[in-house]
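Asks: Please find one structure pasted underneath; my questions will follow.
Readers should treat all values here as calculations from the given coordinates under stated rules, not as data from a laboratory. These numbers come from a predicted model, not from an experiment. Positions of Cβ are generated from backbone atoms using ideal geometry, with glycine treated the same way; all protein chains shown enter the neighbour counts.
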Ligand code: SF4
């Protein structure tokens, strides 16, 4: 578990810090001024650091709520995201966080109350539009929850805004706290999924697909709305069989009425990010594929494969679900 | 082969790599003596004021810097330049230090190094908390006698970190300190033999640390490794910086798809950078849809 907690001295008395202290009684607590002095050090090695990340407790001052990149949202007119945490307990080969940050340390912003205040301002400002908020853009929404206690406070907050949707995106099976409380109809627990063989190879440290499906089923049985996220879709020679089996297995376990939405997106990276990430890995299978770079500087499988995957997945999903529940994510 | 008992330090270093992959920067001869003995390091005639010891077989080099942050920084830079140390090398600053609490003799990893003079902080090293505890350290200009802060006090680590962090990644820069003085046992003129004993008594932990450091730098060697056949081609044909980067990336992909082939099997005709890159590109793309990437 986490052996070292670096903390901004100003946050030590914050209730979230007190909670973390209780959750990590054996950790070494080291004071710092601001999280950037540690998180943004030059010449860090993400891969080595990932073997034993530290936790940094910090206070966030700005950019609490941001509009999602275009192509990321779903049905709502206005889509926003917020990041109470940077980095993730898991270590997926394709994770864009390795390209986004130079540090693998976890940063937890303790001032949840400021996030909620900014989210309520955003809701108020956009009250004439349908709105959706995404948690888990720069982390996994639930994986750290035992320590952070974030989701419970988030749900208490969104319970008051029934006309606004919130998505918790995760690969975690730590769902006890959700199962213990009544489901909230405007909250979607969205699971990222890949075929078993692919997940076993690429979703390092994350729960197996079998366990994720079981967690989804448990949540659905308790009335929670489920999101299915096939993003990124990964190409390999027998991808059709693999994805078709996965979709069939999920649909056999989860009642369609519990499924809020399904989205899928192809493997894609901005050119610079791809260069950085592939340099961190010594050509695992994922990075051995000769990806194309399009005119917008996006590295991907290229038009031919993308279109084949897009049509196949769309068709497979439509065997079980109405088209209005299926979204192609490009952001 | 490495000397018996030191096999755990052996590395698979390719022929185009510098042989030294662990570099020690130590202020005093007495602090260095146990390491020199343990690693069977031999004196290297540098014809300079710096004293260097090295063991080629094990890939360890050690420099005695003298006392103070500036000397430590200068020695680090000298060692790097002298052996043309590569950026996968691990750098270790080992020495004695004051500590705010008892007992004398404990070994710590400094995971935060602060200089009150420069008002700057380093956070060096992958943390080995399962082996030894981590703590903060202040690099001061003269020996500390008050021990007011809950930290280690030394006179070199900041200078060492400042320079070493420009050479290797931060996770391969290590500061290890043995407590030599505390409020109950304040600093006095320590005899060389006592300093040697303090280090010697921690050799077991140091050995375990070295074994772990060795694993980390092997990962870096593996990640940064450039195949000998790539180097051979780059030495015989002109590659611009961009082309060289492209070639190396393509080579890795090609090798993944053709693990048993060598570049010679591709029979390049003109042997210029452009042709080589294009042959590799075509070769990788030709069958890309049928490969199992997972
Ligand atoms: S679960 Fe998501 S955030 Fe975490 S490592 Fe995997 S891709 Fe990254």
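Asks: Write down Rg/Rh for the stretch B:228-293, rounded to two decimals, with Rg from the C-alpha atoms and Rh from the Kirkwood relation over Cα pairs.
Replies: Values: Rg = 11.6 Å, Rh = 12.2 Å.
On the Cα set of the stretch B:228-293, Rg over Rh gives 0.95.
Asks: To the nearest 0.05, how large is the calculated FRET efficiency for residue A:272 and residue A:221 if R₀ is 30 Å and r is the Cβ-Cβ distance? Present the calculation step by step, with values, prior to reporting the outcome.
Replies: On the way: r = 44 Å, r/R0 = 1.46.
Calculated value: 0.10.
Asks: What does the structure give for B:286-293 when I average, per residue, the other chain Cβ atoms found within 10 Å of the residue Cβ?
Replies: Values: counts 1, 1, 9, 9, 3, 7, 5, 14.
What the average comes to for B:286-293 is 6.
Asks: Just order B:174-184, B:254-264 by mean Cβ neighbour count inside 10 Å, highest at the front, would you? Mind dumping the intermediate values first?
Replies: Values: B:174-184: 21.7, B:254-264: 14.2.
Per-residue Cβ counts within 10 Å, averaged per peptide and sorted highest first, yield B:174-184, B:254-264.
Asks: At 7 Å along Cα-to-Cβ for each site, give me the label-to-label distance between residue A:61 and residue B:212 in nm.
Replies: Between residue A:61 and residue B:212, the simple spin-label model gives 3.5 nm.
Asks: Using a simple spin-label model with points 7 Å from Cα along the Cα→Cβ vector, what separation in nm is obtained for residue A:124 and residue B:274?
Replies: Calculated label separation equals 6.4 nm.
Asks: Rounded if a/c is under 1.5, else prolate if a/b beats b/c, else oblate: with a ≥ b ≥ c from the C-alpha gyration tensor eigenvalues square-rooted, which is the protein assembly as shown? Walk me through the numbers before you get to the answer.
Replies: Working: a/c = 2.50, a/b = 1.36, b/c = 1.84.
Oblate, because a/c is 1.5 or more while a/b does not exceed b/c.
Asks: Given a Förster distance of 35 angstrom, what is the FRET efficiency for residue B:245 paired with residue B:290, based on the Cβ-Cβ distance and rounded to 0.05? Before the final figure, lay out the partial values.
Replies: Numbers: r = 28 Å, r/R0 = 0.79.
Calculated value: 0.80.
Asks: Same structure, new question: Can you list the equivalent-ellipsoid semi-axes of the stretch A:45-179, largest first and in whole Å, using the square root of 5 times each Cα gyration tensor eigenvalue? List each step's numbers first, then the result.
Replies: Working: eigenvalues 132, 52, 42 Å².
Semi-axes from the Cα gyration tensor: 26, 16, 14 Å.
Asks: Output the direction-averaged projected area (hull surface divided by four) of the convex hull of the alpha-carbon atoms of the stretch B:24-157, in nm². List each step's numbers first, then the result.
Replies: Values: hull surface 35.3 nm².
Averaging across all directions leaves 8.8 nm² for the Cα convex hull.
Asks: Moving on to the next point. For n ≥ 4 DSSP H runs only, could you compute -39500 (n - 2.57) per run for the protein assembly as shown, divide by its residues and tell me the 222 nm figure to the nearest 500? Let's see the in-between values first.
Replies: Values: 22 runs with 222 residues, N = 625.
Helix-only estimate at 222 nm: -10500 deg cm²/dmol.
Asks: As an exercise, find the ratio Rg/Rh for chain A from alpha-carbon atoms, using the Kirkwood inverse-distance average for Rh.
Replies: Values: Rg = 19.6 Å, Rh = 20.7 Å.
On the Cα set of chain A, Rg over Rh gives 0.95.
Asks: Say R0 is 60 Å: what FRET efficiency, to the nearest 0.05, do residue A:248 and residue B:67 get from their beta-carbon distance? Spell out each step's value before the answer.
Replies: Numbers: r = 71 Å, r/R0 = 1.18.
Taking R0 as 60 Å, the efficiency between residue A:248 and residue B:67 is 0.25.
Asks: Averaged across the residues of B:123-129, what count of C-beta atoms belonging to other chains lies within 10 Å of each residue's C-beta? It would help to have the intermediate numbers written out before the result.
Replies: Details: counts 12, 1, 1, 5, 8, 2, 8.
The per-residue average across the peptide is 5.
Asks: Under the 0.36 nm per residue contour assumption, what length would be gained going from the current alpha-carbon distance of residue A:1 and residue A:51 to full extension?
Replies: Details: separation 50, 0.36 × 50 = 18.00 nm, distance 1.09 nm.
Difference between extended and current length: 16.9 nm.
Asks: Also, I was wondering about something else. For chain B, calculate the relative contact order in percent as a whole number, restricting contacts to Cα pairs under 8 Å that are 6 or more residues apart. Mind showing how you got there, number by number?
Replies: On the way: 517 pairs, mean separation 54.2, N = 294.
Dividing the mean separation by the residue count of chain B yields 18 percent.
Asks: With both bridge residues required to lie in the stretch B:68-191, what share of the DSSP beta bridges run antiparallel, to the nearest 5%?
Replies: Working: 8 of 24 bridges.
The antiparallel fraction comes to roughly 35 percent.
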